[in-house]
1. Please determine whether any residue of the range 125-135 is surrounded by fewer than 15 Cβ atoms within 10 Å (Cβ to Cβ) and touching a helix residue (DSSP H, G or I) at 6+ places or on another chain (Cβ under 6 Å).
2. For the range 57-78, how many residues are surrounded by 23 or more Cβ atoms within 10 Å (Cβ to Cβ) and either at pLDDT below 90 or in contact with a Gly (Cβ under 7 Å, 6 or more places away or on another chain) (or both)?
3. For the structure I just gave you, tell me whether Glu223 is touching a residue at least 40 places away in the same chain (Cβ under 8 Å), surrounded by fewer than 13 Cβ atoms within 10 Å (Cβ to Cβ) and either outside any helix (DSSP H, G or I) or among the basic types (Lys, Arg) (or both).
4. Looking only at the range 187-205, decide whether some residue is exposed (fewer than 14 other Cβ atoms within 10 Å of the Cβ) and on the phi > 0 side of the Ramachandran plot.
5. Kindly establish whether Pro47 is within 14 Å of Val7 (Cα to Cα) and assigned by TED's automatic domain parsing to the domain that holds Arg20.
Amino acid sequence: MSARILVVEDEDRIRQFLQRGLTFEGYRVDAAADGQTGLDLARENPPDLVLLDLMLPGMNGLEVCRRIRAASDVPILMLTAKETIEDRVTGLDAGADDYLVKPFAFDELVARVRALLRRAQPTKPQVYRFADLELDTGTRQGKRGDRSFDLTAKEYELLELFMRHPRQVLTREVIFDRVWNYDFGGESNIIEVYVRYLRQKTEAEGQSRLIHTVRGIGYVLREEA
């Protein structure tokens, strides 16, 4: 059966455009014009993916995203007219999996929808281990020694990338491509922001650093010398 997509968008023209286009692509589409209605639909008839506008009347898109994410791992693609790095970081940190700035090409939106749906396909859980650090792909939790910690969607993806490539220097370009799927621009500090988040969680009790900066190149997961 085709995937069900929930579109939460208050602009009638855009919402109807997305409904028609996605239906033509073979998806089943539900739609809401405000945040509360969208949240209610997500709870009553759980979708396979959510297209969520950032600026909504009443409950805004960030709050809707946080509430959906608290109860579900459904992929969330955020749509917004805001294009600053800070806005993107805020949306991703609220639990969104991807971010598309208006105006956008419909073909690009469909490509991102397909990519998110592919990534959401269930796979056999496994546990990555490096030194005393563990990452469970089933629970999407990290563990350092006897201490477990939760991860946001992007924190998990970044840590998984490091755990899949231990002791390998990962350039900023590779990280952008593998974790964010598109370029934030050469001046963006989003990688530094999320590396800092991961360090705070993995080093919370004075434990040794595992994610190291390779100046001018990128980052590497390795034990301290």
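The values are calculated or read from the model by the stated rules, or taken from the named source; none is laboratory data. Quick caveat: nothing in here was measured; it's all calculated off a predicted structure. Note that each Cβ is placed from the backbone with ideal geometry, even for glycine, and that neighbours are counted across all protein chains shown.
1. So far as the range 125-135 goes, no, none of its residues is surrounded by fewer than 15 Cβ atoms within 10 Å (Cβ to Cβ) and touching a helix residue (DSSP H, G or I) at 6+ places or on another chain (Cβ under 6 Å).
2. Adding up the residues that qualify gives 5.
3. No; evaluated as a whole, the condition is false for this residue.
4. Going residue by residue through the range 187-205, those that are exposed (fewer than 14 other Cβ atoms within 10 Å of the Cβ) are 187, 189, 192, 196, 200, 204-205.
Filter once more, so that each one left must be on the phi > 0 side of the Ramachandran plot: none.
Within the range 187-205 (the criterion being exposed (fewer than 14 other Cβ atoms within 10 Å of the Cβ) and on the phi > 0 side of the Ramachandran plot), the answer is no, since none of the residues qualifies.
5. Values: within 14 Å of Val7 (Cα to Cα): yes; assigned by TED's automatic domain parsing to the domain that holds Arg20: yes.
Considered against the rule, which asks whether it is within 14 Å of Val7 (Cα to Cα) and assigned by TED's automatic domain parsing to the domain that holds Arg20, Pro47 comes out as yes.
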